[in-house]
Amino acid sequence: MTVEPSVAPNSRDGARDDARSKDRDHPPTPAPRPAPAARPRRSRLPWARAALGIAGIAIIATASVFLVHHEPPRQKPRVAAPAPSLPDAEARRQLQAGFAALDLKVPVGVAIVPVGGGGVPILLGDQEPQDAWSTIKVPLALAAERRNGENRTETKAVIDSDNRSARLLTRSLGTPAEATAAVTDVLREGGDRGTVVQPAADDGEWPHLGETTWTLTDSAVWTAHLPCMPGSEHVLDLMAHVAPTQDWGLNKIPGDRTAVKGGWGVDEGDEGYLVRQIGLITLNDGKRVAVSMSAHEPKMTFDAGAIALNTVGHWLGDNLNLLPGGSCPGAGG
């Protein structure tokens, strides 16, 4: 059972991240990542010279009304030439050995699955099942966008991890039972066969989805299928432009090759923060891999958890050639 912290995090005491909170999450603020590019606006066509006559002016003015705003395609991350890949068994062995050698101050768990699924997930470290916290906002956002279209509430829920926005998205899915069913359907579609989404409360209120237990394996499998799910492009773009409150963990890998969503909160039983993250990494050959990771121990601060996940992020970035990349069936990734 979890409760939200009474204070926003600072350099000493961690973060707020519960669907029950009406405030924004406020963990320490690292350097900001670039926000999504604003759509360019075409300048209005210049008026015709007076010599063209009144008729020419009218035609040009009318045509200018129908100018269309075009958004340029998003640039793919710059990637280096792919390094020779190792056999799966040897890469797995090296990852296990490298993770064991990390100087981690708190227990950390990692699950790694190639995009598109397939194979056995690579599991490292602590695999204790934990609450989803705000990582559940990604399947929630996808379910809500399919029902309501793209909107500012979805953007704030993912980029800013805004809890009030997440509550509005939950309510937009219908009754409390319908909201639970909608998020469950999205999880099943993404290959997560076992997660039981937090049901509606006995008082008829909408469920606190962040209290859903989401294992590292199930969340990594689902994240690996996310790019292959219809209509996921916008959610993935939001994850690629999260605010500084979530700029840690996998985002420590250089090269604008990650898309992430963080989650964090306090366990009322041991007063320690759980800090977790799901995300995608684009590898040097253009394939992608999904990662889910978490850090937790009794009385742990948010900062301690974020630092531990930063260490793992740097380590993964140094070992991209060992990660099992994949792509969506019938597509390039």
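Key figures for this structure:
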{"item": "Full-extension gain in nm, residue 205 to residue 314, via 0.36 nm per residue minus C-alpha separation", "result": "35.1 nm"}
{"item": "Efficiency of FRET between residue 234 and residue 196 - r from beta-carbon atoms, R0 25 angstrom, step 0.05", "result": "0.40"}
{"item": "Per-residue SASA entry for residue 171, accessible area with 1.4 Å probe, Å² rounded to 10", "result": "100"}
{"item": "Accessible area per residue in Å² at 1.4 Å probe, computed on region 230-333", "result": "30"}
{"item": "Relative packing of peptides 178-188, 218-228 - highest average C-beta neighbours within 10 Å first", "result": "218-228, 178-188"}
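The values are calculated or read from the model by the stated rules, or taken from the named source; none is laboratory data. Source: prediction; values computed, not measured. Neighbour counts run over all protein chains shown; Cβ positions are idealised from the backbone, glycine included. Calculation scope for accessible area: heavy atoms of the full protein, side chains included, ligands and nucleic acids excluded. Shrake-Rupley method; radii C 1.70, N 1.55, O 1.52, S 1.80 Å.
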